[in-house]
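Nothing in this text is a laboratory measurement; each read-out follows from the coordinates by a stated rule. Just so it is clear, the model here is predicted, and its values are computed rather than measured. Here the Cβ is made from the backbone with ideal geometry for all residues, glycine too, and neighbour counts use every protein chain on show.
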Ligand SMILES: [Zn+2]
């Protein structure tokens, strides 16, 4: 190669490097709006399975024009909705943010993640649907940090079908979170945020009351792609009604499409229902981006899209194709386990509070009252479970760090474990095996484990200062919040453990 040619190539390379480097926003620059999108139960490989069937304006706008992290993994256990949503927006894990499951036990009391008896429903006469708040959340979110940074002038709003998917992303200092009252087919909130619904939400609800399809579906609306349409309508109404992205400060809208999880649980990862749901979400994304372009302006907002977890393929489907898989029922196991413990210790009442998301929660009060040794009880249960088929590992949560388990499990268990809320024993089923409770559909599926089918999720960025590109190596769900905070030049959430990602 001639010296001159080498010099030209070197100059072009330098120019490209400089232009890529320059793409990062400088101090003082800020977008009008941050839009976080979570698609519940969306496996990463759906991006490639549906790529050729997607329109150019939905997912593909993010893939073809934006930046894709192709190996984003969930770095804690278990992989369920409330934790996924919370971890994406706090940049941390259950060990720190305290949301240890959709339901967990706080000091021995079974607790739904966002239930709050001190608040009331706002928006309908359905009393229980709005007794929700983010009070169990211990850490700040991106939105909380944005509010802190701007003297609470930034508007932060969460919208979803599920309460927990609207509440936790938005955070404790959010202006509002809205979710669906399925009984009445209306969007509601709680008195944690406000006394009355704003007019624009009332207007959305008026439209919903006239929706014949919604009336017909009733509480089963979650099984229909119509939910995606309603969530998009609500998100667009929020942008217009609250003039989001129109003020001096950066606002944040957290949108979660949650019905895909309901559909996945019912019909699993393959087939017409799943196809229909994702192709509809694609159209909804296109509609949302078009509205953002019109209201906020292309290039003035940054959007990210991820999932709270993935899902296993249906075990029968796997077995039909000679792949190792199966169902594991904790409830069926429980009777025999209780009998085994009683035969060893003579206790008359069960010492297990519950089995949730592959964790056994022990009844410490009952153990104490019966004068039993807590460590001994645990040992007996672990001994029994280790003889149980289809479990690869059984781990005492207090001894995770010293247990003979692969580092990938050790780290994710430690990051998922909270002494006060997290259960006493973790079990890890064999690959392809999943919990099959009374709620499960035989042709459906579930999630909650460490395996790539549950832990490998999409992570796409699009818009303000996001170049086109992709990255193949491992990043984590906890990197999302520090990435957004780094671009905005605001402090990371207060228990953030992730690293800011760059679009190189
Ligand atoms: Zn689910």
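Key figures
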quantity	calculated
Rg to Rh, two decimals, where the range 442-504 supplies the alpha carbon set and Rh follows Kirkwood	1.06
FRET E, pair residue 45, residue 120, Förster distance 60 Å, beta-carbon r, rounded to 0.05	0.90
Shape of the range 163-224, Cα gyration tensor, a/c cut at 1.5	oblate
Among 59-72, 396-409, 286-299, the order from most to least packed when residues are scored by Cβ within 10 Å on average	59-72, 286-299, 396-409
Percent RCO, i.e. relative contact order, over the chain, from Cα pairs under 8 Å lying at least 6 residues apart	29 percent
Computed lengthening from residue 57 to residue 27, 0.36 nm per intervening residue step minus Cα-Cα distance	7.7 nm
Extension gain from residue 191 to residue 499, taking 0.36 nm per residue of separation minus the Cα-Cα distance	107.4 nm
Sequence ranges 303-313, 347-357, ranked by mean other-Cβ count within 10 angstrom, highest first	303-313, 347-357
On Cα atoms only, tilt of 407-416 relative to the major axis of the chain in degrees	90 degrees
Estimated translational D of the chain in µm²/s (Stokes, Kirkwood radius over Cα pairs; 20 °C; 1.002 mPa s)	91 µm²/s
Rg in Å to one decimal, and Dmax rounded to a whole Å, for the range 295-379 via C-alpha atoms	22.3, 69
Theoretical ellipticity at 222 nm over the chain - DSSP helices of four or more residues, -39500 (n - 2.57) apiece, nearest 500	-11000 deg cm²/dmol
Over the range 195-237, equivalent-ellipsoid semi-axes from the Cα gyration tensor in Å	19, 12, 9
Degrees, to the nearest 10: 199-209 long Cα axis against longest axis of the chain	70 degrees
Label-to-label distance, nm, for residues given as residue 112 and residue 472 (7 Å Cα→Cβ offset)	4.6 nm
The range 69-192 shape via C-alpha gyration tensor axes, a/c threshold 1.5	oblate
Centre separation in Å (Cα based) which lies between the range 46-125 and the range 130-185	13 Å
Highest to lowest packing among 377-388, 199-210, scored as the average C-beta count within 10 Å	377-388, 199-210
Acute angle (nearest 10 degrees) that the helix 330-345 long axis makes with the longest principal axis of the chain, alpha-carbon atoms	40 degrees
Orientation-averaged projected area, Cα convex hull of the range 118-168 (nm²)	4.3 nm²
Taking the C-alpha atoms of the range 177-322, convex hull volume expressed per residue in Å³	141 Å³
Mean Cα-pair separation over length for the range 367-504, i.e. relative contact order, pairs under 8 Å, 6 or more apart, %	16 percent
Centre separation in Å (Cα based) which lies between the range 442-465 and the range 260-278	14 Å
